[in-house]
């Protein structure tokens, strides 16, 4: 009887070149590029540190029959966002539409693709349309996020009752909603922040192709859901927080993300307007539902906007703009922007609407009145703002006073101060006296 050879434990090579999701979960990564096996299984975006060079894929993982079977039939693994007792993904078809597997040609009047986030790879186009993680994000949206987006005239029950039907009828609105939900969850669960941000980036990217396809075939049946997707893209851009060099209406670079968002929403709005809306209530028109008031918590005296004497500062703004506009002989109608800005201030602060408590005590600030000014600006003024024209920056500084009143909303945190810093950066120093009042309102109270 021959003696069995003694088994020797095979050594293995240690590496710190794994992808970000595997490092976050503290599991071994096979370091395959562009996507490791763990990320393929879990349907998440696989991204590597830019300083780490691509390592050669492991032959054992790349060529064994078991590995080939796992790549063909990936098994979902539980993660931090889902119930750890769930070991298989839920493959439920959420609508009659499927996520496009091929890129769609952009029409002449559509949203162009924005610059992608640095260091984060775009998701694969064969993404499972709805898994257990997405189910958790959908539940979180209707339980925790929707109440913060309730409209001014009704309760969040309207969102919970009507919104599911709209988002399940459209891939683009569903992915856009899940992206916003993931950003909100990232704020509430710091331990899961990285994975939530990855899911938000993934769903944001998956919104674009279906949205472009909807624009190519826009009609009365998909107009509302298309606009809804564009609205959630706005929420996504705001909820990411202030980004370096981007100040909502302008940026250090001409192709900033928020400039793209504003142009995109204006394009969608112009295409949606010709189609009749299913609701008869004008408060539910596309313009009205763009950005809603928060209902996250009951207002307190410290969070309620103070009584603001805006008449004298806006009168001075009109005088300066009229003087500068005449000297510059510009084709831009700056006074029209000032007039509509005054309307926004009146909608938020006018005493004709009732007492301060009646106006702000329940519904807080009229958020849609603030953002309606931004999204309804004329194209020539937007171009002047992009060019950082001193007159446009002066007007935008006064708009920032309204943005500052929204600072207690979760997706508006930090924006007003960031915008004012951008204005001070690009406005010539000898013109800083023009913005003394808005600067004191924004920077003096923080």
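The values are calculated or read from the model by the stated rules, or taken from the named source; none is laboratory data. For clarity, every value in this text was computed on a predicted model and none was experimentally measured. Because the Cβ atoms are built from the backbone with ideal geometry, glycine has one as well, and the counts that use them run over all protein chains shown.
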Selection status of residue 294, crowded, with 19+ Cβ neighbours inside 10 Å, in a loop (DSSP other than H, G, I, E, B) and at pLDDT below 50:
yes
For the range 185-208, give me each residue that is touching a helix residue (DSSP H, G or I) at 6+ places or on another chain (Cβ under 9 Å) and surrounded by fewer than 21 Cβ atoms within 10 Å (Cβ to Cβ).
186, 187, 188, 189, 192, 193, 194, 197
The range 27-43, subset closer than 16 Å to residue 198 by Cα and assigned to a loop (DSSP other than H, G, I, E, B), residue modelled with the highest pLDDT:
36
Would you confirm whether or not the range 204-215 contains a residue that is without any contact (Cβ under 8 Å) to a residue 40 or more places away in the chain and either assigned to a helix (DSSP H, G or I) or touching a strand residue (DSSP E or B) at 6+ places or on another chain (Cβ under 6 Å) (or both)?
yes
